[in-house]
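Here is the structure we will look at, set down as structure tokens.
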Amino acid sequence: MSLATEVGILDGKCPTGPIADRWPKYKQDMKLVNPANKRKYTVIVVGTGLAGGSAAASLGELGYNVLSFCVQDSPRRAHSIAAQGGINAAKNYQNDGDSVWRLFYDTIKGGDFRARESNVYRLASISTNIIDQCVAQGVPFAREYGGTLTNRSFGGAQVSRTFYCKGQTGQQLLLGAYQAMMRQVEAGRVKLHTWQEMSDLIVIDGVARGIITRNLRTGAFETYLADAVVLCTGGYSNVYYLSTNAKSCNVTAAWRCHRRGALFANPCYTQIHPTCIPVSGDHQSKLTLMSESLRNDGRVWVPLKKGDTRPPEQIPDDERDYYLERRYPSFGNLAPRDVSSRAAKERCDAGYGVGPNGLSVFLDFRDAIRRDGEPVVRDKYGNLFHMYERITDENPYKQPMRIYPALHYTMGGLWVDYNLQSNIPGLFVLGEANFSDHGANRLGASALMQGLADGYFVLPYTIGNHLASTKLPKVSADHPAAKEALIESRNRVESFLNMNGTRTVQDFHRSLGHIMWDHVGMGRTSASLQTAIGQIRELRDEFNGNVKVVGSAETLNQNLEYAGRVGDFMEFAELLAIDALHREESCGGHFREEYQTEEGEAKRDDENFCYVGAWEFKGTGVEPALWKEPLNFEEIPLATRSYK
Amino acid sequence: MIAPQNDGMKLTVKVWRQASVDVPGQLVSYELSGISPDMSFLEMLDILNERLILKGEEPVAFDHDCREGICGTCGIMINGQPHGPDNNTTTCQLHMRRFKSGDTLILEPWRANAFPVIKDLVVDRAAFDRIIAAGGYVSVNTGNAPDGNAIPVPKTTQEKAMDNAACIGCGACVASCKNASAMLFTSAKVSHLSYLPQGAAEKNERVLKMVARMDEEGFGNCTNTGECAAACPAGIPLASIAKLNREYIRALLASDQ
């Protein structure tokens, strides 16, 4: 197939001037909405994870009329809750040389020079406010005996800047945002709509003015109108079927916006997390991540000898290959996620993998237990060890854990400008659902930081500027655009129920996952991607004629919900592969085997690919159009990312 | 479709089937074979559902999401025990190796007046959200916070707060209680916030409002039986209820009413 043709250049609307002054100056120049007028504006927030919860809470506090939607039974469930390790902030409480600049630098470098400098600097500078805010909410961050906050170092960082709540940091931060939001629900400023799935975006005169939802309990389609729509619907890892994401994580809301004109940026930037529990069989429905904080004390190794089946404790040290320490002496077991994942795949592909199918490597705590004693290790990682044993029936205090990489996070997402506004005015995209801050690879403990930065401290400013500077005439549910969106949503559900095919939704999803993991996974080639595109199209055609969905549209029907989500993954998967095919370089989580150094490291092509690739929908199965946003590196000169 | 394993487990699974809150439900029996002991409990239900769908029957509706024990969405009464036989374990983290081939499993939804059945094993737990809305927070707007280290919190105090904050809001405590009381859930949030200096300013008001809301929602009273703490997958201790009672009495004595 031909490579996509570029149709235009995008403007990220980044401010100029000294980088540290950009966001403060930008905030000063923004238009404000008069406090008395805020209640006249209705804002829809879709999703109640860290980004959605914090945005709804903050907008409610400001006095806006907020409508909050989630597919779950409660706004406390979103998958942000599962983040274990921590949240980064440039507080420099440890006096170890951290600063906003260093966090900015680490994030740009970690993202392999594929993120916007202006956004990332803003993120790093806001990081400190997030910690203060969460502490004030009562988030129980770990403390020193003297009562001050403690930190740990986390994947890819040489300073200790990660704040944490045992292994449940995401849970505690999400509950903080949720509680702040429920306070606004009680105050009447946020209206909660649980069990509601967004099925379309309403665009009137080029501006996002509402959404169509399906009430998952009654099956009813409902139209909600607003002055702005804020999408906080997370990432798309589940396009790979097996991932560490929750089962309800999906691309539907983002994809439906894409079909209405929102550009999808960098979909090929997917993150594979190195420390997951390996697959145990075909029945596997999801993968479980273990915090990479384990790599602070665990050592990763495989046997030096191929096919060595001795129990790990019987393999002497000189017959072990601690390959991360060997390849990356200065970072060792703390090498960034993409580097560590690929190194594990390389060893397993070469035949050195361990476990029943040879698809895992050891993560060994023997030395930490010898050095610090079992109680210290138990205190740090007890809950993770417990979880590992429950799933695998193996005791990690006695034998090394087995780990293998799995899909975990997606850096790509809907394209947004510096205001977090998509190319459709009035449609804002926050958190993992947007593409903006992590470039081609996200550093550990940065997802929580970005979700909360967007929701607490960026959107509340930029949305005000939009509302104050845009004419927003009254719209009604009878507008043809709203009616058309409603009818399309309804028809789609009916077509699933009328199909009466022979294969289940899960069966199709699993097949899609195999295509994606085998051909669009950790190592991609031009040939594998073209194979994938062909297979995805075939599978999609079959899905659209042969999927079997039972039950009715008028009650809770989880099978029907699932069909809609997998249907959207079938379309989205092709875009992901097309983006990966067009990006003829390796960077961050996107590794093209044709583009690597002699040592097997990722080889970027800054001359030709130093841009954000944002795709415009042209129809299902029709080649999308490519918009480019050039990336300029003024503060941190482009350099090869090395962790040696 | 996953091929059944010949050497797998055989099970009789009796599942509560109920189309909606308005119609009566009943236990329906299904025979399952080829179940691997390495499967999670919910993967076993996935297999049952795949087989039902292919036969044109409605799959069993059950709640689940993260499948790693933290989101609090899943919750099935398994042989009379919320989340099944393992301590400190959610339904999604229970594995089939816990059972024997030939076992009969009885699966029911959480049963409580305040948790109406939506369908099959799915219940409505929005009452929990409304208890939190009544006061389960520190009233601080975004942007008002002092530096994180301006409020020192002793490590032991923080750990007590964290132990209570670990509640996942699944509702097993209510399901296990003969009175369908929500005391353990409510006490976990009251305790978390009342241990911390940040939550102190409104601690009296908070506990009074949350307990009042809990009663309004139709949860039963606590008789200190302790089933809730035994069933809790997040390890919230019974002592949290004692803490709630102390906070409540102190708040009552301090109130003007």
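Points to keep in mind about this one:
- Shielding of B:39-49 by partner chains, average beta-carbon count, 10 Å: 3
- Sorted by Cβ neighbour density within 10 Å, fewest at the top, the residues A:Val475, A:Val239: A:Val475, A:Val239
- If you bin all the Cα-Cα distances of the protein assembly as shown at 20 Å, starting from zero, the percentages per bin are 15, 51, 32, 2.
- Applying the criteria of a DSSP loop state and at most 12 other Cβ atoms within 10 Å to the chymotrypsin sites (Phe, Trp or Tyr not before Pro) of the range A:143-209 yields A:Tyr145.
- Within the straight-line cut-off of under 22 Å between alpha carbons, the lysines reachable from A:Lys38 are A:Lys27, A:Lys191, A:Lys471, A:Lys474, sequence neighbours fewer than 8 places apart in one chain being disregarded.
- Between A:Asp541 and A:Glu634, the modelled labels are 5.1 nm apart [label points 7 Å from Cα along Cα→Cβ].
- Hz values of 3J(HN,Hα) by residue in the range A:371-376 - Karplus curve (6.51, -1.76, 1.60), Gly and Pro given as x: 6, 9, x, 4, x, 5
- Cβ-Cβ FRET estimate between A:Gln530 and A:Asp349, R0 fixed at 22 Å, reported to 0.05: 0.55
- Inter-site label distance for B:Leu253 and B:Val28 at 7 Å from Cα along Cβ, in nm: 5.7
- Diffusion of the range A:363-433 by Stokes-Einstein, at 37 °C in a medium of 0.692 mPa s and with Rh set to the Kirkwood radius over alpha-carbon pairs, works out to 210 µm²/s.
- Inter-probe distance in nm under a simple model that places probes 7 Å from Cα toward Cβ, at A:Gln28 and A:Val7: 4.0
- Using alpha-carbon coordinates, inclination of helix B:41-54 to the longest axis of chain B, degrees: 50
- Full-stretch length increase - B:Glu202, B:Asp103 - with 0.36 nm per residue and alpha-carbon distance subtracted: 30.5 nm
- For the range A:52-92 versus the range A:562-617, the gap between their alpha-carbon centres in whole angstrom: 29
- Scattering curve values for the range A:328-373, log₁₀ I(q)/I(0), Debye with Cα scatterers, q = 0.13 Å⁻¹: -0.38
- As a proxy for reagent exposure, ranking B:Ile151, B:Ile35 by other Cβ atoms within 10 Å from fewest up yields B:Ile151, B:Ile35.
- FRET efficiency, 1/(1 + (r/R0)^6) with R0 45 Å, evaluated for A:Leu497 and A:Asn37 via beta carbons: 0.50
- Mean per-residue shielding of peptide B:154-163 is 5, counting Cβ atoms of other chains within 10 Å of each Cβ.
- DSSP-defined antiparallel bridges as percent of all bridges, the range B:9-118, nearest 5: 75
- For the residue pairs A:Lys286/A:Lys398; B:Lys160/B:Lys203; A:Lys25/A:Lys628; B:Lys155/B:Lys209, alpha carbon separations beyond 20 Å are given by A:Lys286/A:Lys398; A:Lys25/A:Lys628; B:Lys155/B:Lys209.
- Counting Lys and Arg as +1 and Asp and Glu as -1 over every other residue whose Cβ lies under 11 Å from the Cβ of A:Cys14, the net charge comes to -1.
- Rg/Rg_ref, the range A:274-406, where Rg_ref = 2.2 N^0.38 Å and atoms are Cα: 0.98
- Each principal axis of the Cα cloud of the range B:127-254 was evaluated for its coordinate range; sorted largest first, these ranges are 45, 27, 27 Å.
- Once the Cβ-Cβ distance of A:Asn608 and B:Asn87 is raised to the sixth power relative to R0 = 60 Å, the FRET efficiency obtained is 0.55.
- Legend: mean number of C-beta atoms from other chains within 10 angstrom of residue C-beta atoms, peptide A:551-564, equals 3.
- A viscosity of 0.890 mPa s and a temperature of 25 °C, combined with the Kirkwood radius over C-alpha pairs in the Stokes-Einstein formula, give chain B a diffusion coefficient of 124 µm²/s.
- For A:Ile202, the amide hydrogen comes within under 5 Å of the amide hydrogens of A:Arg209, A:Gly210, A:Ile211, A:Ile212, counting only partners 5 or more places away or on other chains and with H modelled in the peptide plane.
- Backbone HN-Hα couplings from phi across the range A:574-591 [Karplus 6.51/-1.76/1.60, Hz, Gly and Pro as x]: 5, 5, 4, 5, 5, 4, 5, 6, 6, 7, 8, 7, 10, 7, x, x, 9, 10
- Rounded to 5, percent antiparallel among DSSP beta bridges of the protein assembly as shown: 70
- 0 to 90° range, to nearest 10: angle between helix A:169-186 axis and chain A longest Cα axis: 20
- q = 0.15 Å⁻¹: log10 I(q)/I(0) that the Debye formula gives for the range A:449-555, counting C-alpha atoms only: -0.92
- The fewest-to-most ranking of A:Ser99, A:Ser469 by surrounding Cβ atoms within 10 Å reads A:Ser469, A:Ser99.
- Under the Karplus curve 6.51 cos²θ - 1.76 cosθ + 1.60, θ = phi - 60°, whole-Hz ³J(HN,Hα) for the range A:464-475, x wherever Gly or Pro sits: x, 4, 5, 5, 6, 10, 10, 7, 10, x, 4, 10
No value in this document is a laboratory result; all are computed from the given coordinates. What you are looking at is a predicted structure, and each value in this text was computed from that prediction instead of being measured. All Cβ positions, even for glycine, are placed from backbone atoms using ideal geometry, and neighbour counts span all protein chains on display.
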